[in-house]
Structures are given as structure tokens and as C-alpha cells.
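Have a look at the structure below, then the notes.
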Amino acid sequence: MKLKFKKQQFQTDAVDSVADLFKGQEKLRSTFEITNIEAIDLINQNELGIGNVISISNDALLANMHEIQRRNNLPMTNDIVDDEGAAHRSFCVEMETGTGKTYVYIKTMFELNKRYGWSKFIVVVPSIAIREGVKKSFEITADHFMEHYGKKARFFIYNSSNLNQLDAFSSSSGINVMIINTQAFA
């Protein structure tokens, strides 16, 4: 049995609102060196990690946010800088229960990858039960997003006893998603 997903305009609007926030962002990637601690005495087995780059200025980000707020009839935010002058780049999309939030943020990852080349995403959830539900949503929607974007996301649940998954997460250039519940931080 294959599930069919119906296009819901409010979900598309939510995805576009997040992606449009970064309008003007160049399609960039950064690289960093990953050192395999276990192989350090052997031949140099360092790999390159690939990360997301946000190069858009705070002023452009604020202008984009104002455009999105006007478009969605939301109150205007005056600033994205905190009291100490540091950029506060934390945004949220609020949706009612049962409206497809998980679908929206998975689609948003694909759209951010398509528009800006971003490939690293971390989903933090409050419980193990929700973590398992998110993983199931990735499994269920994999073919659907493959049809629309021509690629699949590599996703995994963070497990401190399986740290080699972090190496793959950091070095792969494809869409990579780490799902972690807040208890894992303890």
C-alpha cells in the first residue's frame, strides 16, 4: 500500500515562509576537517565535513521576516538582535495540532536544500515517543519526497553508543537529519 499525500496550501505557505526568510542567501557550503580519533596513529584518515552556511545579513533577514509577517498578517518584529547586540536567529512556525507540522518541517528541509544547498538538520523532540513518531514520518514520506525532489533524506536517531553515525552525518553532502530527544542531552 502506498500513501498519497494531498497538497495543502497552508502547508506550502508555511514551507515557503521559512524558505523565503533566507531569500538572498547564496547557495554555499562550508567544509571542516573530521579527524577519526581511532585512526590517528595510522595513515592520516581525516575527512572533510560539510556544513550549512548562513551568509545573509541581519538587515536582509529582518527585511525578509517583515515581508513574511505582512504576507501572513502577523505582528511585526522590530529586531533580531538581543539586548547585548548579538544576532538572535531563532524562528518558529506555529501550527495547530493535526495540521501536518512534521510533514511541513520535513518538506522545509528539502526546500532549504533545493534553494540554498543546506544539508544538515537536527530535529530535537521532547520525548522518546515523539522521536519514534518523527522517525516513522521520515520513513512514510521518503518515496513522496523522492518523487518531488529527486532525492531521499538520510535520517537516524542519535545514539551515544553509535557515534560513527555522526561521522556519516557530518561528511555526507546529501540531506542528513539527526533526530534526538531532549533526554539524550543529559
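The values are calculated or read from the model by the stated rules, or taken from the named source; none is laboratory data. This is a predicted model, so every value here is computed, not measured. Cβ atoms come from the backbone with ideal geometry, glycine included; neighbour counts cover every protein chain shown. Keep in mind that these areas ignore ligands, DNA and RNA; they rest on the heavy atoms of the full protein, side chains included. Shrake-Rupley method; radii C 1.70, N 1.55, O 1.52, S 1.80 Å.
For the range 141-173, how many residues meet the condition of being outside any helix (DSSP H, G or I), closer than 21 Å to Gly117 by Cα, touching a strand residue (DSSP E or B) at 6+ places or on another chain (Cβ under 6 Å) and not hydroxyl-bearing (Ser, Thr, Tyr)?
Residues flagged as outside any helix (DSSP H, G or I), closer than 21 Å to Gly117 by Cα, touching a strand residue (DSSP E or B) at 6+ places or on another chain (Cβ under 6 Å) and not hydroxyl-bearing (Ser, Thr, Tyr) within the range 141-173 amount to 3.
Out of Leu112, Leu163, which single residue is among the aliphatic types (A, V, I, L, M) and farther than 24 Å from Lys6 by Cβ?
Numbers: Leu112 fails: farther than 24 Å from Lys6 by Cβ.
Just a single option satisfies the conditions, and that option is Leu163.
For the range 159-181, indicate whether the set of residues that are of a type in the set (S, T, N, Q), open to solvent by less than 30 Å² (accessible area, probe 1.4 Å) and touching a Phe, Trp or Tyr at 6+ places or on another chain (Cβ under 6 Å) is non-empty.
Yes; the residues of the range 159-181 include at least one that is of a type in the set (S, T, N, Q), open to solvent by less than 30 Å² (accessible area, probe 1.4 Å) and touching a Phe, Trp or Tyr at 6+ places or on another chain (Cβ under 6 Å).
Return the pair list, or none, for Cβ contacts closer than 9 Å from residues in the range 118-147 that are closer than 18 Å to Gln165 by Cα to residues that are at pLDDT 95 or above and assigned to a loop (DSSP other than H, G, I, E, B), at least 6 apart or on different chains.
Taking only residues 6 or more apart or on different chains, the pairs are Phe121/Ala153; Phe138/Ala153.
Can you give me the number of residues within the range 86-117 that are among the polar types (S, T, N, Q), part of a loop (DSSP other than H, G, I, E, B) and in contact (Cβ under 8 Å) with a residue 12 or more places away in the chain?
Looking only at that region, the number is 1.
One residue is enough: does the range 114-127 have a residue meeting the conditions over 15 Å from the mean Cα position of the chain (by Cα), surrounded by fewer than 17 Cβ atoms within 10 Å (Cβ to Cβ) and modelled with pLDDT of 90 or more?
First pass over the range 114-127, keeping only residues over 15 Å from the mean Cα position of the chain (by Cα): 126-127.
Then drop every residue that is not surrounded by fewer than 17 Cβ atoms within 10 Å (Cβ to Cβ), which leaves 126-127.
Narrowing the set further to residues that are modelled with pLDDT of 90 or more leaves 126-127.
Yes, because at least one residue in the range 114-127 is over 15 Å from the mean Cα position of the chain (by Cα), surrounded by fewer than 17 Cβ atoms within 10 Å (Cβ to Cβ) and modelled with pLDDT of 90 or more.
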